[in-house]
Every structure is written in structure tokens, then in C-alpha cells.
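Participant: Once you've had a glance at the structure underneath, I'll fire off some questions.
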Amino acid sequence: MQRNSKSVDSEDEFDMQDAAAESAEDDFYSGGEEDGFDSDDADVADYEFIDNDSDDSDDLISHRHQQNYTVLSEEDIRQRQDDDVMGIATVLSISKVAAIILLRYYNWNVSKVHDEWFADEEKVRKAVGLLEKPVVPFPDGREMTCGICFETYPSDRLLAAACGHPFCNSCWAGYISTAINDGPGCLMLRCPDPSCDAAIGHDMINLLTSDEDREKHSRYFIRSYIEDNRKTKWCPAPGCDYAVDFVVGSGSYDVTCRCAYSFCWNCTEEAHRPVDCGTVAKWILKNSAESENMNWILANSKPCPKCKRPIEKNQGCMHITCTPPCKFEFCWLCLGAWSDHGERTGGFYACNRYETAKQEGVYDEAEKRREMAKNSLERYTHYYERWATNQSSRQKALADLQQMQNVHLEKLSDIQCQPESQLKFIIEAWLQIVECRRVLKWTYAYGYYLPEHEHAKRMFFEYVQGEAESGLERLHQCAEKELQIYLNAEGPSKDFNEFRTKLAGLTSVTRNYFENLVRALENGLSDVNSHGTCSRTASSKSLGGGSSRARTGRGKGSTSRSSGPSRNIDDPGHWSCEHCTFANIKPTTICAMCQQRR
């Protein structure tokens, strides 16, 4: 620019070894960090619950001790931008305005700026629009015509970018303001002259724009640092302004923002380890798709023989009357007109015609498709209900955790005459419950897509999932029900230290169960050997010597084992769609329900 300008479960089932309990107690009293997840073994992180006296005391905040990502505030982003700009300006011996233009062009990739600049500076200048000298000499001391409005102005009312093309102040302001209101493209603004590619710097934008437009431009500028960088992403939680800088290839993609929202950095869905992003995408799509509605209609209804409107029969006899305006009366079994039925055909609760036709194979195809759709729907419902139940249980556990942190911990400290720092094991137990509910929820999505012909893997999966789930129910029962005894006590309890040992031990055992469940699923259930059986050594080791009998917990939000109704996919005349599980006739290659190719 040619003028000076102004310059981001139950007690009876407490089957833990004494050594484990003593170890957990020792860890607690020594203030050790062993109660946290071992990030080297399973990349499952521990939490640190922020104290109420912190600046963010109004929120329930937790974060994970991991070195593979950094949560950035707006101030952090601005500082990083300034550091990058200053670094480029210093190394390349150019102005900060020129450094910003370079970094924006190369998407804030400092190393690429260096490589390209030192390889061919002239080529970079031409591509970016950094001119070393003006294309048109800027006039001094005389009037000139603005190239946009064609009005004549004295030179002191004209401005030009590095190229020298003069335009009046009002036209410049209108041009820049329009670009800013059009969106982030204003960050790569060029000279208004059609034949010129000279870049317009931040100095001119700050000089000529209003406060409102300057704020918009500043927001675009900050967002570009995150959105144009492959290593950074915004937290997807509604209303959150934090970003995450992630070290790609460093292990688990699960990250936790300062707003307490956990998400997968790879797909930005909620944290779903140990299930891969592809399975999560298919599960979410299935939950929101209309295919299951169609499957339900096919499995639980029959079309009216006259108007073809689907009809559900949930009770009563076989005499069906369609709704107005059709009003056709027919037999539910054979779909024939009711006028042809009576005592001779079996009365109101049977149909001889249907039974005869069924024996002759007339209804085989339709009944088979209806049965397959029903089995498919029952199987999906089985897994979805347990997925949703664990989700609601996790939300309830989060609320209970906040209540414990804000209210009950202080009350318990007064009743038991112990400092709050000595009650840290209770918070750790609730944090473990929250994390385990999340993991358990997604194992049901994993189980739904586990191939049914791999029977050994399915049995092993249901076993390790059942052991982890029963351990979680015991922990949840202890942390929720048994703790109430001490909260409602009138004074210090003699057996409170025994409760401490039990809860800390259950937390440690449950953590081990879920670490091994996560590890097994992430390894593709590799503990199942090539002969289709579970390796004794592997399964015994992975379960930490736990009981081989899966128990059903009685705590809040308890769910049953994952084994559900199986689909009949062995019929040689049909194939089951992997997207909507609809039973299609064998010769077809496109699903008749969801139109997906086989």
C-alpha cells in the first residue's frame, strides 16, 4: 500500500482377590496415579476432575492426561498465529503483512512456505500476489480518476495496493466490505483491477473497514488457522469455541475438550472407542434411516387385498375390515374375501384354505420374507435398546457425578469426619462408571455388525462383554446404593474404611475388565485362534483371572448380555442387506428397501 496505515453388584458377588483390594487401598493412601487408565497399554485415559474453586467451577469439567492433543482457546490460537507470522517474517526477511498472505495461501503450513520460497521465490511471489515493485507508479500531487466509480479525486483521497492501481477510499471500503460479507473468501482478497493479482494486506483492510466488518474479518482469520490446518479441528459441541491440536498417528482418536465433551478427532462424532469410525457411521445412519420403519411394516402388517394399505393385527379374530373409504372385509390368513369364509373354512379363528395352500407351498415366499424381516427387526431392536439404555445410564451417571462433586462429597466429609481429599476414591469410581458406560454402549453397535458366521468370535465377544458388564454393574451398585448408607448416617461409621477398600477395589477390577474388552475389540478379537476356539491362556489373561460366569447386575441402567435374536441368513433363496438387513431375493443385486448395492 502506498500510504501509511493503522497497524483464537451386589455385595455377595464381591469376588475380588484380597491382594487386589490391598493394592487399590495402598494406591489410594499413597496418592499414586495407578488408578488411572494405563495409556501405554490401552490408550484409555484417566480423568482429572476440576475443583469447584477453579475459574470454570460452573461447569462439570474433566480432561484426560494424554500427550497426543492440546486444547486451544481463542487466545492460544491468536498466539500461535502471531508466532507463525513472526517466524516467517524473520526467516524470509519480509513484512508481517506479507508473511500473513503467504501463510494464508499455504494454509498455515510453515514448512511448506519455507520449502516453496527457497525453491523458487519469484514463482511464489507471482502465485501469492506479493509484488516487489508497483505495476503502475502511484501519482503524487495531482488529481486522478478512480478505476471503479470513474470520479476524479486528488491523490490524497486515493489508495493503492502494492501494484499501484489507484481507487478512491469509498470504493475501496465498499469493495472490501462486500467481500467480508460474502464469507471467508475475503482472506484471499486481490486488487479490484481485473488484470491485476496483487494481494491486499491486513493493513489496508484494518484501515478501511468498519468495526463490525473488522470483527467479522478477525473471526474468519482465526477460524482459517483451525479449518485450513489438517492437524486441528474445532470441538463439535454446540456453543464451544475451543479447538483441538492433534498429533496424527499417536494412537487413540478420542479427545476431551475443556468443555467436558469427548469426541473422536477423526470423524468428530462422540467418542466411540473401541468401535471404528466406519461402524459408528453405519450405526448412526441406520438409527436415523427409514429402512427399519419399512422392515417393521413388512414384519408386522399385511396389505389390504383391495387398496394395498398396510394393516396391523394385534388382537381378535381373523375377520379384518379395512378402514374407510375402502372397507373391504377379508381373512387375515389367506387374504381372501370374507364373504367366501364361514364355518366350513374354519370359522373366525382359523382358515382351512390358508392351511391347505400353505402345505402346497403357495405362501412360502411371502411368509419367508415376512419372517426374515421380523427376525432382522428383532435383532436390531435388541442391540439398539441396549445401546440407548447405556447412553441414558451414562447421562444419569454424569448427573450423579456432578451431584456428588457439588453436594454429597462435602456432606459425607462432615458425617464421616474425613477431609474431602480422602474421599477422592468416590469421584474416581463415578468417573470410571461414566467411561465404562460409554464403552459398553458402543460395544452393542460392534456386536450388531459382527458377522454371524464367525460363531467363535461372537461367543468370545459376548463372554468378555458380559464379564465387563457384570463388573460395571457391581461397581455402579456399590457407588450408588451402598454409598447412601454412609450419606444417611448420623455420625462416623466404623466400617467406612472397609467400604473404601471395596469401592476402590471394584473400580480397579472394573477398569481392568474394560481395558481388556477395549483391547480385544481393537485387535479384532484375535484371541480367537484359527481353529475357531478361544485360547485358554489368552482369555484367562485378558480377563484378569475373573470369574468365568457372567453375572447380571442389578444396578441402575443394568442391561442384559449382548446375545440377541439371530437372523436367518442361511436361506439359499435370499440375501440380507448389510445396510438395512432387508431380506432380498437372491438374483437381485440392489436392495429393494434401501436401494443400496449388494
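Participant: Does the range 174-192 include one or more residues that are more than 39 Å from the chain's Cα centre (by Cα), more than 23 Å from residue 75 (Cα to Cα), modelled with pLDDT of 90 or more and part of a helix (DSSP H, G or I)?
Facilitator: Yes, some residue in the range 174-192 is more than 39 Å from the chain's Cα centre (by Cα), more than 23 Å from residue 75 (Cα to Cα), modelled with pLDDT of 90 or more and part of a helix (DSSP H, G or I).
Participant: Name the residues in the range 180-199 that are within 25 Å of residue 132 (Cβ to Cβ) and open to solvent by less than 60 Å² (accessible area, probe 1.4 Å), would you? It would help to see each step written out before you state the result.
Facilitator: Initially, the range 180-199 is screened for residues within 25 Å of residue 132 (Cβ to Cβ), giving 186-199.
Listed by number, the residues that qualify are 186, 187, 189, 190, 191, 192, 193, 196, 198, 199.
Participant: Take residue 502 and tell me if it is out of contact with any helix residue (DSSP H, G or I) (no Cβ under 8 Å at 6 or more places or on another chain), among the charged types (D, E, K, R) and either outside any helix (DSSP H, G or I) or surrounded by fewer than 24 Cβ atoms within 10 Å (Cβ to Cβ) (or both). Show your work before the answer.
Facilitator: On the way: out of contact with any helix residue (DSSP H, G or I) (no Cβ under 8 Å at 6 or more places or on another chain): no; among the charged types (D, E, K, R): yes; either outside any helix (DSSP H, G or I) or surrounded by fewer than 24 Cβ atoms within 10 Å (Cβ to Cβ) (or both): yes.
In short, no.
Participant: All but one of (1) part of a helix (DSSP H, G or I); (2) within 28 Å of residue 247 (Cα to Cα); (3) touching a His at 6+ places or on another chain (Cβ under 8 Å) hold for residue 103; which doesn't?
Facilitator: (3)
Participant: Hey, among 278, 249, which residue is over 21 Å from residue 78 (Cα atoms), among the small types (Gly, Ala, Ser) and part of a helix (DSSP H, G or I)?
Facilitator: Numbers: 249 fails: part of a helix (DSSP H, G or I).
Answer to the check: 278.
Participant: Restricting attention to the range 228-241, which residues are surrounded by fewer than 19 Cβ atoms within 10 Å (Cβ to Cβ) and assigned to a loop (DSSP other than H, G, I, E, B)?
Facilitator: Matches in the range 228-241: 228, 229, 230, 231, 236, 237, 238, 239, 240, 241.
Participant: With respect to residue 441, determine if the residue is open to solvent by 10 Å² or more (accessible area, probe 1.4 Å) and of a type in the set (Lys, Arg).
Facilitator: Values: open to solvent by 10 Å² or more (accessible area, probe 1.4 Å): no; of a type in the set (Lys, Arg): yes.
Judged against the criteria, residue 441 is not a match.
Participant: Between 484, 418, 465, which is in a helix (DSSP H, G or I), farther than 19 Å from residue 522 by Cβ and polar (S, T, N, Q)?
Facilitator: Values: 418 fails: in a helix (DSSP H, G or I); 465 fails: farther than 19 Å from residue 522 by Cβ.
Just a single option satisfies the conditions, and that option is 484.
Participant: Can you name every residue in the range 451-478 that is open to solvent by 10 Å² or more (accessible area, probe 1.4 Å) and not charged (D, E, K, R)?
Facilitator: Here is the first cut: in the range 451-478, the ones open to solvent by 10 Å² or more (accessible area, probe 1.4 Å) are 451-459, 462-463, 477.
Across the range 451-478, the qualifying residues are 451, 453, 455, 456, 459, 463, 477.
Participant: If you don't mind, there's one more thing I want to ask. Could we say that residue 390 is buried (at least 16 other Cβ atoms within 10 Å of the Cβ), over 30 Å from residue 503 (Cα atoms) and not small (Gly, Ala, Ser) here?
Facilitator: Numbers: buried (at least 16 other Cβ atoms within 10 Å of the Cβ): yes; over 30 Å from residue 503 (Cα atoms): no; not small (Gly, Ala, Ser): yes.
Spelling it out, it is not the case that residue 390 is buried (at least 16 other Cβ atoms within 10 Å of the Cβ), over 30 Å from residue 503 (Cα atoms) and not small (Gly, Ala, Ser).
Participant: Something else: Go through the range 211-222 residue by residue and tally those that are in contact with a helix residue (DSSP H, G or I) (Cβ under 7 Å, 6 or more places away or on another chain) and open to solvent by 50 Å² or more (accessible area, probe 1.4 Å).
Facilitator: To start, the set of residues in the range 211-222 that are in contact with a helix residue (DSSP H, G or I) (Cβ under 7 Å, 6 or more places away or on another chain) comprises 213-214, 216-217, 220-222.
Imposing the further condition that a residue be open to solvent by 50 Å² or more (accessible area, probe 1.4 Å) reduces the set to 214, 216, 220.
Looking only at that region, the number is 3.
Participant: How many residues does the range 147-170 hold that are surrounded by fewer than 20 Cβ atoms within 10 Å (Cβ to Cβ) and either hydroxyl-bearing (Ser, Thr, Tyr) or at negative phi (or both)?
Facilitator: The number of residues fulfilling the criteria is 12.
Participant: For the range 315-332: of the residues being within 20 Å of residue 346 (Cα to Cα) and among the polar types (S, T, N, Q), which is surrounded by the fewest Cβ atoms within 10 Å (Cβ to Cβ)?
Facilitator: Ranking the candidates gives 315 first.
Every residue, every condition in (1) among the hydroxyl-bearing types (Ser, Thr, Tyr); (2) touching a Lys or Arg at 6+ places or on another chain (Cβ under 8 Å), yes or no:
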{"position": "239", "(1), (2)": "no, no"}
{"position": "246", "(1), (2)": "no, yes"}
{"position": "251", "(1), (2)": "no, no"}
{"position": "255", "(1), (2)": "no, yes"}
{"position": "263", "(1), (2)": "no, no"}
{"position": "268", "(1), (2)": "yes, yes"}
{"position": "271", "(1), (2)": "no, yes"}
{"position": "277", "(1), (2)": "no, no"}
{"position": "281", "(1), (2)": "no, no"}
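Participant: While we're on this one: Taking the condition under 16 Å from residue 273 (Cα atoms) and open to solvent by 10 Å² or more (accessible area, probe 1.4 Å), does residue 446 pass? Walk me through it before giving the result.
Facilitator: On the way: under 16 Å from residue 273 (Cα atoms): yes; open to solvent by 10 Å² or more (accessible area, probe 1.4 Å): yes.
For residue 446, the condition - under 16 Å from residue 273 (Cα atoms) and open to solvent by 10 Å² or more (accessible area, probe 1.4 Å) - is met.
The values are calculated or read from the model by the stated rules, or taken from the named source; none is laboratory data. Note that this is a predicted model, so its numbers are computed, not measured. A quick note on method: Cβ atoms are made from the backbone with ideal geometry, for glycine too, and the neighbour counts reach across all protein chains shown. We work out accessible area using only protein heavy atoms, side chains counted, and drop any ligands, DNA or RNA first. Shrake-Rupley method; radii C 1.70, N 1.55, O 1.52, S 1.80 Å.
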